[in-house]
Each structure stands twice: as structure tokens, then as C-alpha cells.
Amino acid sequence: MKLGIVGLPNVGKSTLFNSLTKAGAAAANYPFCTIDPNIGVVAVPDSRLNVLGELNHSKKVTPAVIEFVDIAGLVRGASKGEGLGNQFLANIRECDAIVHVVRCFEDENVIHVDGSVSPVRDIETIDLELIFADLEVLERRIAKTSRSAMNDKSLKKELVILQELKALLEAGKPASSYENDDPDSMEFVHSLCLLTEKPVIFAANVKEEDLADDAVSNQHVRAVRSYAEKTGSKVFVVCAQIEEEISELDDAEKADYLEALGITESGLDKLIAASYDLLGLLSFLTTGEDETRAWTIRRGAKAPQAAGKIHTDFERGFIRAEVIRYQDLVACGSANAAKEKGLMRLEGKDYVVQDGDVILFRFNV
Ligand SMILES: Nc1nc2c(ncn2[C@@H]2O[C@H](COP(=O)(O)OP(=O)(O)OP(=O)(O)O)[C@@H](O)[C@H]2O)c(=O)[nH]1
Ligand SMILES: [Mg+2]
């Protein structure tokens, strides 16, 4: 899973990114301090992994990962070259979802490019720039396709879709609102990697004091929440500055610190939970002496697809999956004990994998 971080300059994107990845992207009170894209990889916290790892004396425990891409802030008119322009948006075209950081904290020491804290205005500014960026992609594609579409029926169909998308965006709507009953057409739409087709998670960046009550008393956050509700997006409240401090702590210190702040989950935990939820993801597990590992798949994925995550041969030569629920495996103490109790299931190619399934794939190539 890959998430791209967008927002106005100076709203705390790199501060959040740093805290998430500890990758050391430059964070400073200076708009446009991020120029090159920064890419960071974060482990998905999963307490089940260490339990299984100990149970099987695994040499290695490997969590699922999320990749974050931090890019420079966009300003109004970025598509026309304002600020740093919008060329770095190309770096997040391949992302599965967008994390849109919105400034909801007042701090006169931190410059706001548009002069005041006003999150819905800011969101609309960014959304418009994303629409313009997608329109550029569509226009290029339309020019190319119309040249070759004369004698090609499937290209003609693509051209119609491209023009429908263009009209939609020109009306100020995101590509995610495009509807078409034909699965092939939708497949084509996905293949365009349009930014406005991606699901959005809003990160409302608040001040420390707002964390304890999840910012219900912060009017800026209230505005973001009602905006997000209309567009079917998720919101999570975070204080990027505090996250940066938390990222320096070890687990025990972190727990104490969170308690002192009156919260139970760090921003990273909340972001991961929100992404899993929004993208419809789940984790299944594999475990053995060599390695215990978590794998991320889409909800509804069947056993062979899950196997394919591990190796394409596993999918191609899929025979069956031997599945034990995590809780059953831990309660029984070993796979053999679970098997004796009849808690290991043999599942075929139509089995829909569940979160927390511990799976051994049998395959033949
Ligand atoms: N008070 C306060 N300041 C913050 C918070 N998060 C970030 N800042 C400050 O805001 C300034 C800008 O933060 P960055 O993370 O560099 O902003 P950015 O969104 O990456 O900006 P660009 O890279 O220029 O687009 C820094 O001085 C941060 O210390 C926060 O939660 N509270
Ligand atoms: Mg930055």
C-alpha cells in the first residue's frame, strides 16, 4: 500500500511524514522546504506477529508495510506554475490513496500561505489543483487517442470515456464520481491513475491541547469533518509536532506519553487504521521457523490471490490453503495441536481470506 501526502505549503506535511517514517525529511518553518519527493516505508503495527514469532521460534518477524510519499506543498494556481508548480504530483500518481493534510492549528509563528487558518477553503484550493492536474493528463491522452482512434473500435470507446471524464472534471467534480456499469470501462478509468479518483484521508493537524477530546471543540476540525462526510472521506486528528516527539520514544515511554496526553493511539496507528478501513484492506499471516509475516490484501480477495502476494508461483500452482484462525492457533499452542482439534481448515480456490487467518499454501508448479 502506498499513500501520497498532499496539502498547502507549511501545513505540517513533512513534520507528519518525518514522524511517520523518521526518514529525516526536512521540516522547517519555511514554505516549500520539501522539493524532492521523500519516500518512507512504515511497518504496520500488529501485535499478533510477535506472539506467533515466539510460538514458532521464527528467525525473522516481518510486518506488512505502508509506503508514504511526501511532496512539496501546492498553492492556488500551481497548475499554471504558481509556487513550485505541480510537476511533483506525478510522484503520487501510483499511490493507492491520498492523505490530505489540513492545517487546523492556530500559530502566528507559522506562516499560512493564504493568510489565515481556514481548512475548507484550503481543501477546495488543493482539490481544484488536483482536478487541473488530472485535466492535463486527460487532455494529453485525448490528443493521443484521437489520432489513432479512427480505425480502432476499442480506442473509440476509450475516447468517449476520456471525454466524459474531462466534462466531469471541468464541472468541478472528482473522477471518483464517474459512473459506468461496464467493468472494462471502469478498469480503463483506474488505469489512468487520476489523482481525483483516489480515496482521500484528511489529516486534521491540530494543536496539542485538542488531542484529548479528539478536537470536538475545534471549529476548524468540525468544518473538515462535515466536508469529509459529504465526500465520503475519512478524517483523523493528529498533532504533527507531538507525533514527531513521540517518534523519538521507545514503546514504554510512548505509552506513558500518550496516556499523559489523554489518548490511546498515536497518529500513525490512527492513520493506518483509517487507511485499512478506507481501502478495504486486511492482513493475513504466515508463520514458520524461518519467518512470521503479515501480508496486506484487499477484503474479498480469494486464497489464490492471497498466495500470489507471496509468490506468483503460489498463485499459478495453487492447490489449497491450510487455514487456522490466529486466536485458535494461539489458544492451541501449535499448528499440530490445532489440527488435532479440528481447527485447521482445508480451503480451495474460492475461499475468501479473513483478517487474522494464519495460512499455509500448498502449491505445485
Ligand atoms: N504549532 C504547530 N506547528 C506545526 C505543527 N506541524 C508543523 N508545524 C510547523 O509548521 C512548519 C512547517 O511544517 P512542515 O512540516 O515543514 O510543512 P510542509 O507542509 O511539509 O510544508 P512544505 O514542504 O513547504 O509544503 C514547521 O515550522 C513546523 O514545525 C503543529 O502541529 N503545530
Ligand atoms: Mg514539506
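The values are calculated or read from the model by the stated rules, or taken from the named source; none is laboratory data. Remember, it's a predicted structure, so these values are computed and weren't measured experimentally. As a convention, Cβ positions derive from the backbone with ideal geometry for all residues, glycine included, and neighbour counts pool all protein chains shown.
Do you know which residues across the range 78-104 are assigned to a loop (DSSP other than H, G, I, E, B), in contact (Cβ under 8 Å) with a residue 40 or more places away in the chain and more than 16 Å from ligand 2 (Cβ to nearest atom)? Reasoning before the result, please.
So in the range 78-104, the residues assigned to a loop (DSSP other than H, G, I, E, B) come out as 81-86, 93-96, 104.
Checking which are in contact (Cβ under 8 Å) with a residue 40 or more places away in the chain leaves us with 83-84, 86, 93-96, 104.
Passing the criteria: Arg93, Glu94, Cys95, Asp96, Cys104.
Within the range 240-257, being part of a helix (DSSP H, G or I) and within 16 Å of ligand 1 (Cβ to nearest atom) holds for Ala240, Gln241, Ile242, Glu243, Glu244, Glu245, Ile246, Tyr257. With respect to the conditions (1) among the polar types (S, T, N, Q); (2) under 18 Å from Ala175 (Cβ atoms); (3) surrounded by fewer than 22 Cβ atoms within 10 Å (Cβ to Cβ), Asn86 lacks only one, and its number is (3).
If you go through the range 51-97 and pick out every residue that is in contact with a strand residue (DSSP E or B) (Cβ under 6 Å, 6 or more places away or on another chain) and of a type in the set (Asp, Glu), you end up with 3.
Kindly indicate whether Arg298 is loosely packed, with under 15 Cβ neighbours inside 10 Å, over 16 Å from Ser47 (Cα atoms), more than 16 Å from ligand 1 (Cβ to nearest atom) and among the basic types (Lys, Arg).
Details: loosely packed, with under 15 Cβ neighbours inside 10 Å: yes; over 16 Å from Ser47 (Cα atoms): yes; more than 16 Å from ligand 1 (Cβ to nearest atom): yes; among the basic types (Lys, Arg): yes.
The answer is yes for Arg298.
Screening Asp107, Asp127, Asp134 for residues that are outside any helix (DSSP H, G or I) and acidic (Asp, Glu) leaves exactly one candidate, Asp107. Over 19 Å from Phe105 (Cα atoms) and in contact with a strand residue (DSSP E or B) (Cβ under 7 Å, 6 or more places away or on another chain): is that true of Ala274 in this structure? It is true that Ala274 is over 19 Å from Phe105 (Cα atoms) and in contact with a strand residue (DSSP E or B) (Cβ under 7 Å, 6 or more places away or on another chain).
Determine, yes or no, whether Lys173 is surrounded by fewer than 17 Cβ atoms within 10 Å (Cβ to Cβ) and within 25 Å of Ala78 (Cβ to Cβ).
Numbers: surrounded by fewer than 17 Cβ atoms within 10 Å (Cβ to Cβ): yes; within 25 Å of Ala78 (Cβ to Cβ): yes.
So Lys173 passes the test.
Of everything listed in (1) loosely packed, with under 15 Cβ neighbours inside 10 Å; (2) in a strand (DSSP E or B), the single unmet condition for Leu285 is (1). Give the residues of the range 6-37 that are at pLDDT 85 or above, within 17 Å of Ser247 (Cβ to Cβ) and surrounded by fewer than 24 Cβ atoms within 10 Å (Cβ to Cβ), sorted by residue number. The answer is Thr15, Asn18. Out of curiosity, is Ser47 at pLDDT 65 or above and within 12 Å of ligand 2 (Cβ to nearest atom)? Here the answer is no, as Ser47 does not meet what is asked.
Mind listing whichever residues of the range 276-286 are touching a helix residue (DSSP H, G or I) at 6+ places or on another chain (Cβ under 9 Å) and over 14 Å from Val323 (Cα atoms)? It would help to see each step written out before you state the result.
First, the residues of the range 276-286 that are touching a helix residue (DSSP H, G or I) at 6+ places or on another chain (Cβ under 9 Å): 281-286.
Answer for the range 276-286, where residues must be touching a helix residue (DSSP H, G or I) at 6+ places or on another chain (Cβ under 9 Å) and over 14 Å from Val323 (Cα atoms): Leu281, Leu282.
None of Thr287, Thr264 is over 24 Å from Asp127 (Cα atoms), touching a Leu at 6+ places or on another chain (Cβ under 6 Å) and away from ligand 1 (no atom under 16 Å from the Cβ) except Thr287. Could you check the range 171-215 and list, in sequence order, the residues that are among the hydrophobic types (A, V, I, L, M, F, W, C), within 21 Å of Gly232 (Cβ to Cβ) and free of Cβ contacts under 8 Å to residues at least 40 places away in the same chain? Answer for the range 171-215, where residues must be among the hydrophobic types (A, V, I, L, M, F, W, C), within 21 Å of Gly232 (Cβ to Cβ) and free of Cβ contacts under 8 Å to residues at least 40 places away in the same chain: Ala171, Met186, Val189. None of Glu289, Glu253 is closer than 30 Å to Ile324 by Cα and over 24 Å from the mean Cα position of the chain (by Cα) except Glu289.
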